[in-house]
Amino acid sequence: MSLTTAQILDLAPDASSRKAGQDQAKPQKWAGLGRAGTVIWGEIKGSGASPYRTVADLAGPASKCTCPSRKFPCKHALGLMLVDASAPITEGEPPDWAAAWMKGRDSRAAAAETRAKEPAKPVDERAQAKRRQAREDRVAASLDELDLWLRDLMRRGLGAARSEPYAFWDRMAGRLVDGQAPGLARRVRALPGLIAAAPQAGAPRPEAALGLGLGRLALLLRAARRLDALAPEQAAGVRAALGYPVTAEEMAARPDQADTWAVLAHAVEEEDRLTARSVWLVGRESGALAQVIDYGTAGSPLPPTPAAGQDFCGSLAFQPGDPPLRAVFREGRAGPAAQAVLPSAASVAAARDTFAEVLARAPWLERWPVRLANVRLGRLATATGGKVAFAAGDETGSLALGADPRLPSLLAVAAGRPVDLFGLYDGYGLHPLALVAQGRLYAMPAQGAQPVLLQVA
């Protein structure tokens with residue numbers, strides 16, 4: 001198998017790596033190129049005395065390079081995969097260093113399978129209960145403090161809140177972090193950004209956005225105070241929104257959901273010195289949507305994951321929550337997509353109804369993935385803030401598209417024809433992530449704001 005150029009570039013950790021990888025994608029720079037199945041390898045001259053040895057498994061995708069880069073995949077791994085994408089590398093006998101890497105991967109996979117079958121170590125339930133109660137007490141104190149802070153804020157009015165400096169919001173967020181409620185802290189830190197945002201298409205006015213953000217905080221706070229009255233899955237969703245982690249024991253008990261999962265898009269965001277990558281998938285048979293999130297740092301790169309445009313044939317396990325969305329990969333393998341379609345896509349009216357149902361179950365949610373079938377993209381009759389506004393619509397209605405420098409490229413690919421569209425909807429605007437047009441899947445680049453789309457399948 002080979003990955004497409006777009007799929008490989010989507011794996012780049014940042015824009016500079018993407019450009020540097022393209023610079024390494026010249027066959028004449030490489031020596032000893034070869035492949036064995038889905039594994040490719042080669043050597044390339046670098047700044048050191050010896051050439052760098054690079055090996056990659058396209059089925060992972062996964063890679064390793066002897067260069068000192070802390071980015072993953074490095075520019076050499078990207079370049080090697082791009083060389084194969086332009087002209088498949090011929091089969092050959094792997095050199096010792098490539099064979100050792102392949103054997104190591106097989107050994108690690110076997111060891112992980114063995115560990116999974118081993119009986120769990122005994123748990124000190126008393127100590128575990130003590131730690132759990134200590135956190136519950138800290139979170140409860142945080143909720144009390146947030147409740148008092150919100151009441152004081154509303155007594156003074158939104159006009160006064162808009163004049164507060166960033167330090168005012170950051171202090172409260174810091175108190176919530178100390179109280180082990182990082183999910184609430186993230187929402188509080190986002191509030192000053194809503195106030196400062198300029199009016200734009202597909203988004204609420206700044207004052208409305210602030211009121212909405214505070215309202216969601218209040219609803220989440222109220223739900224957190226009555227967890228005992230909620231259904232187990234709904235209570236789990238509230239705890240996740242507060243920032244409680246899901247333990248390995250909890251995930252081990254979750255059932256697998258087997259399907260052929262179409263990988264629609266990747267999205268990468270920076271969160272407090274962490275790199276957060278979301279992989280968006282949809283089951284071809286079940287129609288279930290899934291979001292797999294991984295976190296990485298400079299010293300701990302993101303794990304390999306199926307590329308946008310591939311299919312993951314295997315199982316996911318969904319984290320507790322209602323409605324279910326967050327998931328983790330279980331057993332399975334990535335490969336070429338069966339076909340470029342958007343399973344279970346529906347009309348604009350159906351998408352609105354789905355969003356309303358989701359909010360009825362979790363009204364503090366900020367956005368939700370939607371799939372639209374046979375919509376046309378075009379300009380709205382009015383402009384917002386002096387800028388042209390765009391929308392996606394069918395005979396049942398239309399949704400404004402959130403401002404994005406890649407929207408003109410989206411319209412160019414659609415070319416006035418009906419298309420299927422996947423994106424995140426927040427009640428005001430749809431933020432596209434992938435498009436299916438004429439049997440081809442196009443994805444927004446995972447990072448950067450370059451005004452292009454990537455054909456991935």
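The values are calculated or read from the model by the stated rules, or taken from the named source; none is laboratory data. If you're wondering where the values come from, they're calculated on a predicted model, not measured in any experiment. Methodologically, a virtual Cβ is constructed for each residue, glycine included, from the backbone with ideal geometry; neighbour enumeration extends over all protein chains shown. When the accessible area is computed, the model is the full protein with side chains, heavy atoms only, and any ligands, DNA or RNA have been set aside. Shrake-Rupley method; radii C 1.70, N 1.55, O 1.52, S 1.80 Å.
Per-structure values
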| quantity | calculated |
| --- | --- |
| Which listed residue, of LEU158, LEU176, LEU153, is within 19 Å of LEU221 (Cβ to Cβ) and in contact with a Pro (Cβ under 9 Å, 6 or more places away or on another chain) | LEU176 |
| Residue in the stretch 182-193 that is part of a loop (DSSP other than H, G, I, E, B), closer than 30 Å to PHE390 by Cα and touching a Leu at 6+ places or on another chain (Cβ under 6 Å) present | no |
| Pairs where the first residue, in the stretch 5-25, is under 9 Å from GLY79 (Cβ atoms) and the second is among the polar types (S, T, N, Q) and modelled with pLDDT of 85 or more, C-beta under 6 Å, 6+ apart | none |
| Any hit, the stretch 292-306, residues being modelled with pLDDT of 95 or more, crowded, with 17+ Cβ neighbours inside 10 Å and in a strand (DSSP E or B) | yes |
| Enumeration of residues in the stretch 200-246 that are part of a loop (DSSP other than H, G, I, E, B), under 26 Å from PRO405 (Cβ atoms) and within 22 Å of the chain's Cα centre (by Cα) | GLY202, ALA203 |
| Close pairs from the stretch 174-194: first farther than 14 Å from ALA140 by Cα and open to solvent by less than 20 Å² (accessible area, probe 1.4 Å), partner among the charged types (D, E, K, R) and in a helix (DSSP H, G or I), Cβ under 6 Å, at least 6 apart | none |
| Every residue from the stretch 347-370 that is polar (S, T, N, Q) and in contact (Cβ under 8 Å) with a residue 24 or more places away in the chain | SER347 |
| Residue match in the stretch 41-61 (condition: part of a helix (DSSP H, G or I) and closer than 25 Å to VAL268 by Cα) | no |
| The stretch 237-265: number of residues that are farther than 30 Å from PRO336 by Cβ and of a type outside the set (Gly, Ala, Ser) | 9 |
| In the stretch 11-37, the residues that are under 19 Å from TRP97 (Cβ atoms), outside any strand (DSSP E or B) and open to solvent by 30 Å² or more (accessible area, probe 1.4 Å) | LYS29, GLY37 |
| Qualifying residue in the stretch 404-412 (condition: in contact with a Lys or Arg (Cβ under 6 Å, 6 or more places away or on another chain), buried (at least 20 other Cβ atoms within 10 Å of the Cβ), touching a residue at least 24 places away in the same chain (Cβ under 8 Å) and of a type outside the set (Asp, Glu)) | no |
| Filter pass, ALA307 being in contact (Cβ under 8 Å) with a residue 60 or more places away in the chain, in contact with a Ser or Thr (Cβ under 9 Å, 6 or more places away or on another chain) and not acidic (Asp, Glu) | yes |
| The stretch 334-359: number of residues that are open to solvent by 40 Å² or more (accessible area, probe 1.4 Å) and over 23 Å from LEU454 (Cα atoms) | 6 |
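Let's see how each residue does on (1) assigned to a helix (DSSP H, G or I); (2) at negative phi; (3) aliphatic (A, V, I, L, M):
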site: ALA412; (1), (2), (3): yes, yes, yes
site: ARG417; (1), (2), (3): no, yes, no
site: PRO432; (1), (2), (3): no, yes, no
site: LEU441; (1), (2), (3): no, yes, yes
